[in-house]
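Please read the structure below before turning to the comments.
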Amino acid sequence: MSKQEFTVTVYTENQIGLLNRIAIMFSRRKINIESLNTSPSEVEGIHRFTIVIHETEDVVRKLARQIEKQVEVLKAYYNTNEEIVWQELAMYKVPTDTIAEKVKVERLLREYGARAVVIRKDYTVFETTGQREETDKLIAVLEPYGLIEFVRSGRVAIIKASSGFHEKLKEFEQAEPSEEVIENEFLDKQDEVFTM
Amino acid sequence: MSSTIEVAPKKILAQSNATNLSGSEAVLEAFLAEGVETIFGYPGGAIMPIYDALYDYQTKLKHILVRHEQGGIHAAQGYARTSGRTGVVFATSGPGATNLVTGLADAMIDSTPLVAITGQVFAHLLGTDAFQETDVINITTPVTKWNYQVTDATEIPAVLAKAFYIARSGRPGPVLIDITKNAQLQKFDYSGYEKCNHIRSYRPKPNVRKEYVEQAAKLINEAEKPFVIFGQGVILGNAENEFKKFIEKAGIPTAWTIMGESALQTDHPLAVGMLGMHGNYGPNVLTNECDVLIAVGMRFDDRVTGRLDKYAKQAKVIHLDIDPAEIDKNVKSAVPVWGDCKDTLPLLTQLIEQKVYPQWLQRFRDFQQQEEEACIQPELNPSSEQLTMGEVIRVINEYTGGDHVIVTDVGQHQMVACRYAKFTKSRSNITSGGLGTMGFALPAAIGAKFGAPDRTVIAVIGDGGFQMTLQELGTIMQSEVDVKILILNNQFLGMVRQWQQLFHDKRYSFVDITSPDFVQVAKGYGIAGNSVSERKDLQAAVKQMLDHKGAFLLEVMVGKENNVFPMVPQGSSVAEIRLK
């Protein structure tokens with residue numbers, strides 16, 4: 001099984017220390033986290049971690065189960081890039097004078113879907129949103145013009161097949177989740193049924 | 001780690017309403033509500049308010065003063081393992097808390113329900129490198145099922161309720177609650193204690209899927225050479241009876257892991273022995289011949305499976321486990337039966353046919369015969385002049401009839417004790433299985449005795465492991481704990497020496513260990529003792545130990561270079577198990 005990019009989406013309670021508890025699941029296995037984002041989710045009070053790693057599916061599946069086992073984790077999903085819609089935000093700071101003189105800012109903005117966030121006398125900050133390759137391209141373009149600072153956010157991803165977490169949460173909030181679902185009509189009658 | 005420092009804030013806080021409870025009192029009220037009877041612990045600066053409160057609870061809560069926090073937590077583990085209840089341990093901040101780490105890791109990997117309470121510096125000092133401050137929450141995160149830092153007393157009832165619920169439900173494990181000193185001192189309006197039975201993000205029991213139970217039953221009914229292997233899950237699920245009914249109806253040969261041992265009486269007609277690196281011959285070899293492998297409450301540790309890519313490849317595996325993360329972790333299962341085996345086993349029993357497999361069972365007996373000749377008889381009834389570890393265990397079996405609690409340390413004596421001890425009751429084989437913690441046995445035996453006060457508790461320990469936690473003799477002395485301490489002394493760190501002999505050309509690198517006169521050491525603690533090195537004295541010495549009222553230390557000098565066999569060498573398949 002070959003390694004590929006997986007996006008792990010983890011729904012959790014909002015609890016101090018949980019980031020560490022989740023992060024060490026990866027570091028324990030010497031897996032590098034390529035990108036990590038935490039944010040609120042569609043459900044109030046429920047946090048959502050979006051973690052990108054490069055691994056085999058086998059490892060990711062086991063990891064997701066181990067993460068889900070943590071007390072304050074509600075659910076962990078993992079998806080390939082085909083199964084999600086994802087974006088990253090990138091910002092670029094360049095000297096205004098060079099940019100103004102040497103490149104056509106207008107062309108730059110249009111071609112790379114960039115937006116000027118701040119234009120000052122000394123520097124200009126551009127911003128783009130997109131996938132890794134797209135945001136990377138603009139670095140290559142801006143580098144010759146004295147790229148001062150670059151920063152990119154963690155990936156945020158929407159799972160195409162997901163119908164959100166509201167329904168799932170109701171399941172979790174049932175008083176004793178395992179009991180009513182057990183299809184076990186014999187449990188109370190063991191002595192009659194299971195005599196040797 | 002006693003150290004008394006700052007006391008000033010207490011006076012200020014103590015002025016508040018006297019009808020209210022302090023955080024410390026709330027901790028002890030939670031213990032009472034949860035049915036805690038015994039606490040193992042060691043006081044110190046940051047946990048002093050709790051100890052101060054404990055002074056007034058002495059009639060309701062028994063506190064055992066240990067000699068080291070590691071001893072405290074191992075005792076709590078031993079207590080939990082024999083009693084089936086949640087073990088409780090106190091330690092102070094900083095070094096007190098870090099001394100718990102080994103025990104937490106041990107309890108984590110062996111799924112032992114524990115609640116550890118650590119004191120912490122005042123909340124306003126957190127992160128200032130205050131005296132005896134350490135980041136306990138982050139240190140213990142990987143070795144706890146859950147941990148939490150309390151900085152406000154009002155949180156205590158709910159947090160402790162959660163702690164006990166998490167520790168004992170589902171797949172049990174250790175929980176650590178770190179309580180800052182101000183929260184211990186703080187008075188608050190206590191509105192009673194409410195037990196926790198639900199946390200929305202936590203699902204201790206996975207749903208039983210009926211179709212999997214049906215598929216499993218079908219596989220079992222169609223099998224010609226089925227084999228049942230079980231682990232501690234049977235004990236943790238209190239499912240010994242359900243398990244026995246299952247195998248008896250199924251008629252399937254059954255083997256145990258070191259952690260599962262004693263859940264089924266060792267002389268059961270379907271019992272074929274122990275799995276794993278030093279397990280029995282038949283169960284290991286025939287793992288790679290069975291057609292259906294039914295694994296109940298076990299996690300396919302590498303010491304059980306040997307080389308994984310050559311493990312039971314021919315078999316369809318049915319895996320019953322409460323922890324979904326264990327399914328397919330190491331061994332791919334054909335049918336995963338998620339759930340508490342107390343629930344799933346009766347369902348399965350209902351659906352299977354009553355069967356026997358005389359020829360298949362005979363295969364195990366044939367291997368048993370070979371092992372008897374090559375390994376077992378030479379160990380139990382040796383012709384050599386030197387005593388063997390196995391014959392000491394044999395003599396114990398003869399006196400107790402298998403009605404004993406054996407607490408082992410880690411190493412050769414552990415493997416020998418687990419191989420040869422007979423057991424007639426569950427929760428009787430207490431050992432550090434997953435972590436392999438030397439120094440576990442002596443403190444764990446103390447706890448085991450408190451957990452099962454009416455039973456004979458025998459700590460079987462090597463000369464190396466005993467020296468790791470022998471300070472707990474002080475606890476045995478002070479609290480008058482009736483544990484029998486059996487030191488099997490081969491004057492070596494025997495297991496490492498065995499590996500050096502077999503795999504490192506007999507280069508005995510730092511395994512030659514010198515010991516004090518153990519009987520004299522015991523005597524220093526007021527504990528009776530004896531040492532024997534000859535066969536003619538063995539029976540009488542064991543009898544003397546078992547008949548003695550109170551603690552007794554018996555040292556038996558055994559052959560220096562005896563090896564434990566059979567053995568599955570590391571990196572080998574279970575079928576490649578060696579008899580010599």
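Every number in this text was worked out from the coordinates using simple rules, so none of it is lab data. It should be emphasised that the depicted structure is a prediction, and the values quoted were computed from it without experimental measurement. Please note: Cβ atoms are built from the backbone with ideal geometry, for glycine as well, and neighbour counts cover all protein chains shown.
Sequence-distant contacts, meaning Cα pairs under 8 Å at least 6 residues apart, place the relative contact order of chain B at 14 percent.
Report the longest stretch of chain B that contains none of the chymotrypsin sites (Phe, Trp or Tyr not before Pro) sitting in a DSSP loop with at most 15 other Cβ atoms within 10 Å. Provide the component values of the computation, followed by the final result.
Details: sites that count: B:131, B:508, B:510.
No qualifying site falls inside B:132-507, the longest such stretch.
Equivalent-ellipsoid semi-axes for chain A (Cα gyration tensor, √(5λ), whole Å, largest first): 48, 17, 14.
Built from the Cα atoms of region B:50-113, the convex hull projects on average onto 4.6 nm², one quarter of its surface area. Qualifying trypsin sites (Lys or Arg not before Pro) in region A:1-81, where qualification requires a DSSP coil assignment and no more than 13 other C-beta atoms within 10 Å, comprise A:3, A:28, A:29, A:30.
Could you pull out the longest piece of chain B with no exposed loop GluC sites (Glu not before Pro) in it, calling a site exposed if DSSP puts it outside H, G, I, E, B and it has at most 12 other Cβ atoms within 10 Å?
Numbers: sites that count: B:194, B:224, B:353, B:385, B:480, B:534.
In short, B:1-193.
Using DSSP to call loops (not H, G, I, E or B), can you name the trypsin sites (Lys or Arg not before Pro) in region B:430-507 whose Cβ has at most 10 other Cβ atoms within 10 angstrom?
Values: sites: B:449, B:455, B:484, B:497, B:506, B:507; in loops: B:455, B:506, B:507.
Listed in order of number, the matching sites are B:506, B:507.
Over 29 Å apart at the Cα level, from the set B:62/B:187; B:316/B:506; A:69/B:62; A:62/B:244; A:170/B:316, are B:316/B:506; A:69/B:62; A:62/B:244; A:170/B:316. Go through region A:28-104 and name the GluC sites (Glu not before Pro) that are in a DSSP coil and have 16 or fewer other Cβ atoms within 10 Å of their Cβ. Passing both the DSSP loop test and the Cβ count: A:42, A:44. Its alpha carbons considered, region B:411-568 gives a radius of gyration followed by a Dmax of 15.5, 47 Å. Set the Förster distance to 22 Å, then compute FRET efficiency between residue B:355 and residue B:313 from the Cβ-Cβ distance, nearest 0.05. Once rounded, the FRET efficiency stands at 0.35.
Between residue B:222 and residue B:268, the contour length at 0.36 nm per residue exceeds the Cα-Cα span by 14.1 nm. Under the convention that each Lys and Arg Cβ holds +1 and each Asp and Glu Cβ holds -1, the size of the dipole of the protein assembly as shown around its Cα centre is about 680 debye.
Would you kindly state how much longer the chain becomes between residue A:104 and residue A:116 on full extension, computed as 0.36 nm times their sequence separation minus their alpha carbon distance, in nm to one decimal?
Values: separation 12, 0.36 × 12 = 4.32 nm, distance 1.31 nm.
Here the segment from residue A:104 to residue A:116 would lengthen by 3.0 nm.
In chain A, the calculated helix contribution to ellipticity at 222 nm averages -9000 deg cm²/dmol per residue, counting -39,500 (n - 2.57) for every DSSP H run with n ≥ 4.
Taking every DSSP bridge with both residues inside chain B, close to 10 percent are antiparallel.
Using alpha carbons only, how many degrees (0 to 90, rounded to 10) separate the axis of helix A:132-142 from the longest principal axis of chain A? Helix A:132-142 sits roughly 20 degrees off the main axis of chain A.
Considering every residue in B:244-256, what mean count of other chain Cβ atoms within 10 Å of its Cβ is obtained?
Working: counts 1, 5, 1, 0, 2, 3, 0, 0, 0, 0, 0, 0, 0.
Across the residues of B:244-256, the mean count of other-chain Cβ atoms within 10 Å is 1.
For an R0 of 22 angstrom, estimate the FRET efficiency from the Cβ-Cβ distance between residue B:561 and residue B:517 and round to the nearest 0.05. Using R0 = 22 Å, I get an efficiency of 0.50. Compared with the direct C-alpha span, the chain from residue A:20 to residue A:148 gains 42.9 nm at full extension, assuming 0.36 nm per residue.
Distances between placed amide hydrogens fall under 5 Å for residue A:43 paired with no residue 5 or more residues away or on another chain. Classified by the C-alpha gyration tensor, chain B has an oblate form. Its axis ratio a/c, with a ≥ b ≥ c, is 1.5 or above, and a/b does not exceed b/c.
Any idea what diffusion coefficient region B:175-227 gets from Stokes-Einstein, in µm²/s, Kirkwood Rh on alpha carbon pairs, 10 °C, 1.306 mPa s?
94
Based on Cα contacts under 8 Å between residues 6+ apart, chain A shows a relative contact order of 23 percent. Under 12 Å between alpha carbons, and skipping anything fewer than 8 positions from residue B:342 in its own chain: which aspartates and glutamates qualify? Partners within reach: A:188, B:240, B:242, B:321. Straight Cα distances below 20 angstrom link residue B:536 to the aspartates and glutamates B:379, B:385, B:391, B:398, B:547, B:555, with same-chain residues fewer than 8 positions distant left out. Dipole size of chain B about its Cα centre, with +1 on Lys/Arg Cβ and -1 on Asp/Glu Cβ: approximately 700 debye, rounded to the nearest 20. Using Cβ point charges alone (K and R +1, D and E -1), the dipole size of region B:287-443 about the Cα centre works out to roughly 300 debye.
Treating each Cα of region B:173-289 as one equal point scatterer and applying the Debye formula with no solvent, the log10 of I(q)/I(0) at q = 0.14 Å⁻¹ comes out as -0.76.
Cross-link partners for residue B:249 among the aspartates and glutamates, with Cα-Cα distance under 13 Å and sequence neighbours closer than 8 places in the same chain left out: B:353.
Taken along the Cα-to-beta-carbon direction at a fixed 7 Å, the label points for residue A:174 and residue A:89 span 3.9 nm. So what's the gap between the Cα centers of region B:421-441 and region B:321-387, to the nearest angstrom? With region B:421-441 and region B:321-387 each reduced to a Cα centre, they are spaced 18 Å.
Each label was represented as a point 7 Å from its Cα along the Cα-to-Cβ direction; for residue B:330 and residue A:42 these points are 3.9 nm apart.
Between residue B:503 and residue A:141, the distance separating the two model label sites (each 7 Å from Cα on the Cα→Cβ line) works out to 5.8 nm. Counts of other chain beta carbons within 10 angstrom of each beta carbon in peptide A:57-70 average 3. The orientation-averaged shadow of the Cα convex hull for the protein assembly as shown, equal to a quarter of the hull surface, comes to 39.4 nm². Across region B:17-155, the relative contact order, built from alpha-carbon pairs under 8 Å that are at least six residues apart, equals 23 percent. May I ask for the net charge around residue B:257, where only other residues with Cβ less than 9 Å from the Cβ of residue B:257 are counted and Lys, Arg are +1 while Asp, Glu are -1? Local charge sum for residue B:257: 0. If r is the Cβ-Cβ distance from residue B:539 to residue B:366 and R0 is 30 Å, what FRET efficiency results, to the nearest 0.05? In this case the efficiency is close to 0.40.
Along the axis of the charge dipole computed for chain B (Cβ charges of +1 for Lys and Arg, -1 for Asp and Glu, origin at the Cα centre), the listed residues B:375, B:26, B:474 are led at the positive end by B:375. Within chain B, no helix built from a complete DSSP H run reaches 30 Å or longer along its own axis (Cα positions) while carrying a mean Kyte-Doolittle hydropathy of -1.0 or higher.
By the gyration tensor of its Cα atoms, with a ≥ b ≥ c the square roots of the eigenvalues, what is the shape of region B:250-365: rounded for a/c under 1.5, prolate for a/b over b/c, or oblate?
Details: a/c = 1.37, a/b = 1.05, b/c = 1.31.
Note, shape of region B:250-365 comes out rounded.
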